[in-house]
Structures are given as structure tokens and as C-alpha cells.
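What follows is a single structure, written as C-alpha cells, with notes after it.
The values are calculated or read from the model by the stated rules, or taken from the named source; none is laboratory data. The shown structure was predicted, so the numbers you read here are calculated from the model rather than taken from an experiment. Quick reminder, even Gly has a Cβ in these numbers, built from the backbone with ideal geometry, and neighbours come from all protein chains shown.
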Amino acid sequence: MNIAVVILNWNGKSLLEQFLPSVIKNSKEATIYLADNASTDDSVAFVTTIFPEVKIIQNKVNGGYAKGYNDALSKIEADVFCLLNSDVEVTKDWLVPIRETFKSRTKVAAIQPKILDYKKKTHFEYAGAAGGYIDKLGYPYCRGRIFDTLEEDNGQYDDTTTIFWASGACMFIRKQVFEEVGKLDEDFFAHQEEIDLCWRVHSNGYTILYEGSSTIYHLGGATLDAMNPRKTFLNFRNSLYLLIKNVPGNTVWFLIFIRMILDGLAAIRFITQGKFSHFAAIFKAHISFYINFNTFNKKRKKLSKTGKYYSLFSVVWQYFILKRKHFDQL
């Protein structure tokens, strides 16, 4: 089984200098690619000179995470793609259980390893933790991470289990399935496009797993910091894109109505905190959603035909009202 570890890069020389050595050292079973998104720094020259074993794919434009990977992966032949962020340190033998699972379970389309925090290696990391889920209002959450609460890793998630979505920080996916379900949706640009991809994977009858015996450490926030209004805009807009595109039946319209009310409450909260740029980002996200409504409604008519997709509870209610901060309390 051929695995291609593909690292998307945009002006990330310092990250590549810091994290690429661990990927090269611990990924002997794979071919490593740098997919460069039209960088203007010397990161490509740096990798070519210092790490000549890494294959380079240069995209013509910076189309964000989705287009960047779509363009690069179309040029790669492998059984399995690993979409790996440039700010990730991998560990010894991290690929071994991934490879074995893909070999033994043909209906498994995608796998996520355990993702711990590079800055605090005893704890799970925000972007994926121990596997992603989605609640009845369409809010994503993770084993090991609910909103901003990160659990300590005490071996409680050292299992192999079915999840709803695998993190875009490190996602293994079969090439055949990636192409079958329509690749990444480039209209998302960045953020939550991996959840949309995983939703379509489930809709096509495949399984997504979390593999707790494979561990990586993710720095996080290397491209867009959590307090960047651009990230707020993308998260709020793309969460609406995600729902209209994938939620089956007429439930979607009530769900979007509720989510917009909750978005409004979030916007008010930003005002009370003096974060006016984030308030504006939510307003712009809703305007962008209205502008692109017809585009995503057409996608919806093609895709939203599956049944149950969510947990039966509201993670917002559980977390903020009932004060249940850990996954095993839900």
C-alpha cells in the first residue's frame, strides 16, 4: 500500500525547518510531498536544498486549503493520501497502525491519529483531538476537546473507534474515495471543508476511524490565529455552508434559523468584549452566505439525502448550561 504524505505550504519556511525533519525521519514507509501554494518566501528553495528526498508540487495560485490540496493531489499517484499540516511533529511508527487498518478494513475510507498539543504535549489539541463529531445543531466537537476545553491525555482515548469527521490537520484518506465523493469543496477556501468532505464520505457508505495508537503533535494556529477575524468569518460562514449542503430533509431550514439566532448572540458577546472586528466578521459571514445561497442550495439537491448525521443532544446546552466540559460527561 502506497501512502503519500502531502504537506500544504504557504510561506512556511520556519515551520518546515522545525517540523519537516520529524516527518522525514518517521515516515520511511511513505513518499513525502510538499504542495506549495504559490509561496513568496524561499520555502521551496529551502526544502529542495536541505531535504532533496521531498518531492515538490508547486500550485500556481494560493487557493487556500481546499483548492491547494485538490490541485496537488491530482498530480499524485498513491493508494492513500495523508493531508498533513506543516506545523505537525509526528512520532515513531505513526504510520504502522494506519497502514494495517487500511489493509484489513476495506470500508474504512479515512483515518485520524491522536492529535496532541505541541505546546503542551500532555493535552489534546484543538484541531481534532481524539476524533470529531457533530451535534444536532451542527456544531462540531471532539473527544478530548469541547469548545475551548482541552482534556489531558491519560490514555482514555487510546482506542480505535468510528468518528464522524477527521481533522484537516492530519487526515488519511483513500485516493479512490477522495475522488469518488468529489474532493474538497473549494468554495469553503479554508475551515470546515474537512467536515464537509467527511460528511460526503459517510453519505457514500464508508467509515471514518480514529486510531489512538498513532500519535502526532500539532502546533495549531500557524496559518490563522484563533483571534484573527478572518478565521471568525470563515468558521461562521462555512458552518452555514456545511449545513445547507449536507443536512437532509426540511430540518435544515429550522436548523439554519436557529444557528443564525445563536450566531447573533455570539456577535453580541463579541461586542460586549470589545471585539468589534469579530462582530463585523459574523455580519460579513451571513452576507456571504446569502450571496452564495443559490450555489449551495444546488449542491444540497445533489447531496443531502442521508439519514441521521448527528448526536442527539446540543453540545452548546451541555457545555454552557449544564457545564459538562469533557466528552465522557455528554
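Against the numbered list (1) surrounded by fewer than 20 Cβ atoms within 10 Å (Cβ to Cβ); (2) touching a strand residue (DSSP E or B) at 6+ places or on another chain (Cβ under 9 Å), Lys136 comes up short only at (2). Got at least one residue in the range 195-203 being more than 24 Å from Ala4 (Cβ to Cβ) and in contact with a Phe, Trp or Tyr (Cβ under 9 Å, 6 or more places away or on another chain)? There is at least one residue in the range 195-203 that is more than 24 Å from Ala4 (Cβ to Cβ) and in contact with a Phe, Trp or Tyr (Cβ under 9 Å, 6 or more places away or on another chain). Residues in the range 127-178 that are farther than 18 Å from Ile208 by Cα and in a strand (DSSP E or B) were compared, and the one that is farthest from the chain's Cα centre (by Cα) is Glu152. In the range 259-277 there is at least one residue that is part of a helix (DSSP H, G or I), in contact with a Gly (Cβ under 9 Å, 6 or more places away or on another chain) and surrounded by 15 or more Cβ atoms within 10 Å (Cβ to Cβ).
When each of Ser214, Ser239, Ser203 is tested for being under 24 Å from Leu16 (Cβ atoms) and either modelled with pLDDT under 95 or crowded, with 21+ Cβ neighbours inside 10 Å (or both), the lone residue that passes is Ser214. Just one residue in the set Leu197, Leu184 is in a loop (DSSP other than H, G, I, E, B), crowded, with 21+ Cβ neighbours inside 10 Å and at negative phi; that residue is Leu184. Is it the case that Val90 is over 25 Å from Glu211 (Cβ atoms) and either at pLDDT 95 or above or not β-branched (Val, Ile, Thr) (or both)? No.
Only a single item in (1) part of a strand (DSSP E or B); (2) farther than 30 Å from Asn238 by Cα; (3) not small (Gly, Ala, Ser) is not met by Cys82, and it is number (2).
Taking the criterion of being under 23 Å from Pro248 (Cα atoms), touching a Cys at 6+ places or on another chain (Cβ under 9 Å) and at pLDDT 95 or above, would at least one residue in the range 136-143 satisfy it? Within the range 136-143, not a single residue is under 23 Å from Pro248 (Cα atoms), touching a Cys at 6+ places or on another chain (Cβ under 9 Å) and at pLDDT 95 or above.
Within the range 110-133, the only residue that satisfies the criterion of being more than 23 Å from Phe19 (Cα to Cα) and surrounded by fewer than 21 Cβ atoms within 10 Å (Cβ to Cβ) is Tyr133. Taking helices (runs of 4 or more DSSP H) as the structural unit, those lying wholly within the range 11-75 and holding at least 1 residues that are among the charged types (D, E, K, R), over 25 Å from Gln192 (Cβ atoms) and modelled with pLDDT of 95 or more correspond to 13-26. Selection of the range 87-101 for residues being in a helix (DSSP H, G or I), surrounded by fewer than 20 Cβ atoms within 10 Å (Cβ to Cβ) and either touching a Phe, Trp or Tyr at 6+ places or on another chain (Cβ under 6 Å) or of a type in the set (Asp, Glu) (or both) yields only Glu100. Within the range 191-203, residues that are closer than 16 Å to Asn235 by Cβ sit with their Cβ atoms under 8 Å from residues that are aromatic (Phe, Trp, Tyr) and part of a helix (DSSP H, G or I), at 6+ positions apart or across chains, in these pairs: His191/Tyr65; Gln192/Tyr241; Glu193/Tyr65; Asp196/Phe188; Asp196/Tyr241. Checked against (1) modelled with pLDDT of 95 or more; (2) in contact with an Asp or Glu (Cβ under 6 Å, 6 or more places away or on another chain), Ala285 meets all criteria but (2).
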